[in-house]
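Notes follow once the structure below has been shown.
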């Protein structure tokens with residue numbers, strides 16, 4: 001029998017239903033895989049070993065429940081999701097000792113569906129970064145090359161899934177933080193429509209951008225998780241009341257009936273030759289299977305990086321003002337006095353990248369600069385949304401690269417933040433629009449994964465999954481990361 005840790009969610013669910021193994025067997029295999037691979041990956045910030053085993057044994061005693069689609073299945077969640085009584089750090093020293101007294105809505109829904117949470121995964125501090133180098137508790141390493149980054153900010157989740165620690169994980173996507181690490185690590189990641197999944201209980205970065213979504217190794221498995229976590233929530237006013245689709249049972253689209261728009265501004269990027277070769281092969285393979293392509297202009301995308309980093313930084317400045325050393329989180333024991341407490345607690349508890357974005361956000365919101373920066377960026381955001389709507393008028397979905405370069409060596413851009421921000425050009429426009437996107441492997445370039453992303457209409461996750469299934473069948477499988 002295939003090793004249990006190799007099974008995807010759907011395969012494992014079938015095995016549990018047929019009683020080929022127990023939930024305890026499955027969770028034990030995941031925990032053992034974590035134990036063996038963590039020294040190499042650094043994907044997990046907290047392993048909930050005994051709690052997970054106790055939960056699995058309880059499920060086995062109760063007996064298999066077919067009404068709970070994730071019954072007995074091990075999953076990980078990014079360490080920005082609140083778990084009652086468990087460490088929830090958001091990768092920051094300022095929350096190092098924080099233990100929430102409540103749980104995120106998506107965590108409650110995972111548990112209600114029968115999932116067993118085995119670990120909380122590493123991330124860039126407060127989800128601010130594209131490499132998981134900015135975690136206060138050390139970096140996560142790429143399963144394909146431990147000398148390279150896994151992407152970010154959900155790099156721990158992507159490495160954990162791609163490294164076979166868990167069949168699926170939960171991340172957040174504010175500017176590409178699910179799709180980009182999925183692409184660099186060689187798994188799949190789905191950013192739902194803004195409002196499709198509740199944000200209650202997620203440590204906030206950019207409140208008009210943040211969205212939770214799944215990472216997995218198969219398209220079907222993305223649908224299983226999304227079906228469990230999506231839907232309205234009375235605890236989150238931004239969660240949409242629209243009906244949830246049957247994401248777990250989506251039919252595969254026919255390639256010959258698909259027309260994919262290729263945004264001119266994204267395909268004209270300066271690609272690394274290794275990435276370009278994979279992208280060209282992928283387009284030939286898709287065209288050979290009958291997929292039609294159509295070039296679409298999106299002229300305002302050239303402003304998207306500046307627009308995003310103004311708006312997201314402004315929201316970060318507001319959201320992170322709550323970490324003041326008074327109510328919860330790290331409190332400095334230095335100089336007396338309220339201003340000194342604020343200053344020292346935040347200086348000691350927050351990393352360089354987070355402080356940089358707070359200062360940028362505070363600047364663009366300050367008197368005399370609000371109109372010139374924040375208001376103007378909000379107006380450009382509307383223009384980008386209109387470009388996106390027009391681009392989809394003559395096609396079913398948009399298709400674009402995820403990153404212009406493969407996973408890069410550690411330290412390549414830590415002293416060059418502007419270049420690092422430019423690398424988000426492929427992913428952050430979708431967050432400005434609020435539409436859904438799905439990243440999937442397109443092939444290997446120089447032994448490193450390269451990803452493509454499908455982008456669709458708001459709340460059409462079912463259509464996106466359907467098209468992704470067709471592409472998944474056409475594009476070549478990556479195989480296992482070296483040294484697995």
Could you grab the pairs with beta carbons closer than 6 Å, sequence gap of 6+ or different chains, first residue in the range 318-336 and under 23 Å from residue 208 (Cα atoms), second one at pLDDT 95 or above and assigned to a loop (DSSP other than H, G, I, E, B)?
319/204
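I'd like to verify a number: residues in the range 12-24 that are surrounded by 17 or more Cβ atoms within 10 Å (Cβ to Cβ) and assigned to a helix (DSSP H, G or I), how many?
Within the range 12-24, the subset surrounded by 17 or more Cβ atoms within 10 Å (Cβ to Cβ) is 12-13, 15-16, 21-24.
Checking which are assigned to a helix (DSSP H, G or I) leaves us with 12-13, 15-16, 23-24.
Count: 6.
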In the range 224-254, which residue that is surrounded by 19 or more Cβ atoms within 10 Å (Cβ to Cβ) and within 17 Å of residue 397 (Cα to Cα) is farthest from the chain's Cα centre (by Cα)?
253
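Among the residues of the range 385-401, how many are part of a helix (DSSP H, G or I) and under 22 Å from the mean Cα position of the chain (by Cα)? Lay out the reasoning, then the answer.
Taking the range 385-401 and keeping what is part of a helix (DSSP H, G or I), we get 385-391.
Subset that is under 22 Å from the mean Cα position of the chain (by Cα): 385, 388.
Looking only at that region, the number is 2.
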Exactly one of these conditions fails for residue 102: (1) in contact with a helix residue (DSSP H, G or I) (Cβ under 9 Å, 6 or more places away or on another chain); (2) within 27 Å of residue 227 (Cβ to Cβ). Give me its number.
(1)
Set 60, 54: member being surrounded by fewer than 19 Cβ atoms within 10 Å (Cβ to Cβ), outside any loop (DSSP other than H, G, I, E, B), over 23 Å from the mean Cα position of the chain (by Cα) and in contact (Cβ under 8 Å) with a residue 24 or more places away in the chain:
60
Can you pull out every residue in the range 298-319 that is farther than 30 Å from residue 393 by Cβ and in contact with a helix residue (DSSP H, G or I) (Cβ under 6 Å, 6 or more places away or on another chain)?
313, 314, 316, 317
Scan the range 25-37 for residues that are within 23 Å of residue 89 (Cα to Cα) and either surrounded by fewer than 16 Cβ atoms within 10 Å (Cβ to Cβ) or free of Cβ contacts under 8 Å to residues at least 40 places away in the same chain (or both) and jot them down.
35
Among the listed residues 168, 158, 212, identify the single one that is crowded, with 24+ Cβ neighbours inside 10 Å, within 19 Å of residue 442 (Cβ to Cβ) and under 13 Å from the mean Cα position of the chain (by Cα).
158
Looking only at residues that are touching a strand residue (DSSP E or B) at 6+ places or on another chain (Cβ under 8 Å) and outside any strand (DSSP E or B) in the range 106-132, which one is farthest from residue 69 (Cα to Cα)?
127
When the range 339-382 is checked residue by residue, the ones that are under 30 Å from residue 96 (Cβ atoms) and more than 30 Å from the chain's Cα centre (by Cα) are 339, 340, 341, 342, 343, 344
Just wondering, is there one or more residues in the range 222-241 that are under 17 Å from residue 453 (Cα atoms) and modelled with pLDDT of 95 or more?
yes
Can you work out which of the residues in the range 402-421 that are out of contact with any strand residue (DSSP E or B) (no Cβ under 8 Å at 6 or more places or on another chain) and part of a loop (DSSP other than H, G, I, E, B) is surrounded by the fewest Cβ atoms within 10 Å (Cβ to Cβ)?
415
Any residue at all in the range 130-146 that is modelled with pLDDT of 95 or more, in contact with a helix residue (DSSP H, G or I) (Cβ under 6 Å, 6 or more places away or on another chain) and within 24 Å of residue 224 (Cβ to Cβ)?
yes
Test result for residue 443, assigned to a loop (DSSP other than H, G, I, E, B) and on the phi > 0 side of the Ramachandran plot:
no
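The values are calculated or read from the model by the stated rules, or taken from the named source; none is laboratory data. What you are looking at is a predicted structure, and each value in this text was computed from that prediction instead of being measured. No Cβ is skipped: glycine too gets one built from the backbone with ideal geometry, and neighbour counts run over all protein chains shown.
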